[in-house]
Amino acid sequence: MKKSIRIIAALLLLVFCISACNLDGIIDTINGLDGGGGSSSLPEDIYTPLASLVRNPDSSSTLDNKKFTFAVYIGTETFEETFEGETKVYTYQLGYIEREYDTPIYLDMTDLDTTPASGSYAYVTGTVTGTVYWTEDNKQVEVLDFRVQSFESYQPNFSEPSSENLFETADGKVEFVGAHYSENSFDTVAVVYVKYTNTKADSAYKFNSLRTMLGEFDVDVSSELPYTTCSGSIFEPDEVYGGALKANDMNATTPSGKSQLYYFTITLELGAAEDDTIWFDVYDDEYNFTHSIGVFVEPDLETLGL
């Protein structure tokens with residue numbers, strides 16, 4: 001069911017960012033919750049269909065009409081909304097799942113006596129009830145509406161992430177190889193190389209976008225190494241290792257049982273400095289800080305020595 005907001009409450013939309021930037025795309029999230037008290041027909045991994053539904057809230061989903069539990073960051077205090085054609089006043093909070101932490105979920109808290117604190121984390125249990133939409137800048141904005149029946153507060157683990165430079169996914173293994181500075185037509189960039197090993201049987205898995213390849217790594221850099229964007233550049237770097245495939249090449253494939261070197265770029269503001277390190281961090285679906293890898297950016301391709 002769609003609910004059109006008639007009165008938009010005065011609230012601060014706190015878009016939660018774990019670190020400085022999220023690449024459009026490195027691996028499927030490492031640890032997912034199961035359905036938590038839902039129907040046996042629910043998918044084992046709640047977060048993949050949930051993330052898809054958050055991105056496209058008006059689409060059909062395996063989660064429709066199912067009771068399920070997921071971990072969420074609570075981005076606001078409670079606020080009230082009324083909708084066209086209704087007199088009932090609803091109580092909401094905005095929530096964010098880790099995979100889509102720049103897109104809010106309208107958490108309907110109307111039936112609860114107490115609610116989670118803003119800035120906290122909670123497991124929420126309930127059902128998808130439709131969408132909430134409104135018009136902004138002559139465009140319709142539509143977000144997922146989730147009726148919360150119960151919640152349990154918790155605190156993620158942000159300490160002692162693994163520094164092991166190897167990430168095992170459902171499709172294979174990802175390992176950082178190194179990085180170097182280069183230039184493209186407009187910017188200074190860091191060219192980052194990763195080795196992907198396809199462990200799926202009898203397949204030719206495609207690395208066809210940064211979202212496919214780099215989905216769950218957050219990027220952080222030191223104050224000595226500011227950047228303007230880390231979503232990858234459409235302009236090719238002047239220097240790049242000839243044996244590496246472009247990460248968002250639609251035709252780039254890695255056959256089953258084989259390894260292939262890929263590269264992507266991060267646009268920077270400064271040139272090389274002695275301590276230039278880019279950190280690639282991983283958080284699981286419960287916001288636990290699981291991995292952190294530092295990749296030093298060499299002055300040029302020759303110094304990197306691939």
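The values are calculated or read from the model by the stated rules, or taken from the named source; none is laboratory data. Because the structure is a prediction, the values reported are computed rather than measured. Positions of Cβ are generated from backbone atoms using ideal geometry, with glycine treated the same way; all protein chains shown enter the neighbour counts.
For residues in segment 286-306 being of a type in the set (Gly, Ala, Ser) and under 20 Å from LEU166 (Cα atoms), which is surrounded by the fewest Cβ atoms within 10 Å (Cβ to Cβ)? Checking each candidate, the answer is GLY294. Of the residues VAL219, VAL189, VAL174, VAL194, the single one that is within 17 Å of ASP284 (Cα to Cα), crowded, with 16+ Cβ neighbours inside 10 Å and either modelled with pLDDT of 75 or more or polar (S, T, N, Q) (or both) is VAL174.
Output the number of residues of segment 143-171 satisfying the condition of being part of a strand (DSSP E or B), modelled with pLDDT under 90 and either acidic (Asp, Glu) or surrounded by fewer than 17 Cβ atoms within 10 Å (Cβ to Cβ) (or both). Here the count works out to 2. Please go through segment 237-260 and pick out each residue that is surrounded by 13 or more Cβ atoms within 10 Å (Cβ to Cβ) and of a type in the set (A, V, I, L, M). Answer for segment 237-260, where residues must be surrounded by 13 or more Cβ atoms within 10 Å (Cβ to Cβ) and of a type in the set (A, V, I, L, M): VAL240, ALA244, LEU245, ALA247, ALA252.
Each residue in segment 177-186 was checked for being among the small types (Gly, Ala, Ser) and at pLDDT below 85, and 1 pass.
Would you point out the residue of segment 226-244, among those that are among the aromatic types (Phe, Trp, Tyr) and within 13 Å of TYR181 (Cα to Cα), that is modelled with the lowest pLDDT?
Going residue by residue through segment 226-244, those that are among the aromatic types (Phe, Trp, Tyr) are 227, 235, 241.
Still in the list and also within 13 Å of TYR181 (Cα to Cα): 227, 241.
Working: TYR227: 43, TYR241: 94.
Once the filter is applied, the top-ranked residue is TYR227.
When ARG99 is tested against (1) under 18 Å from THR76 (Cβ atoms); (2) buried (at least 16 other Cβ atoms within 10 Å of the Cβ), just one condition goes unmet, and that condition is (1).
Yes or no, residue by residue, for (1) within 18 Å of TYR287 (Cα to Cα); (2) more than 15 Å from the chain's Cα centre (by Cα); (3) at pLDDT 90 or above:
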residue	(1), (2), (3)
LEU53	no, no, yes
ILE74	yes, yes, yes
THR87	no, yes, no
TYR96	yes, no, yes
THR110	no, yes, yes
TYR123	yes, yes, yes
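Take segment 86-107 and flag every residue that is within 25 Å of ASN288 (Cα to Cα) and of a type in the set (Asp, Glu). Answer for segment 86-107, where residues must be within 25 Å of ASN288 (Cα to Cα) and of a type in the set (Asp, Glu): GLU98, GLU100, ASP102.
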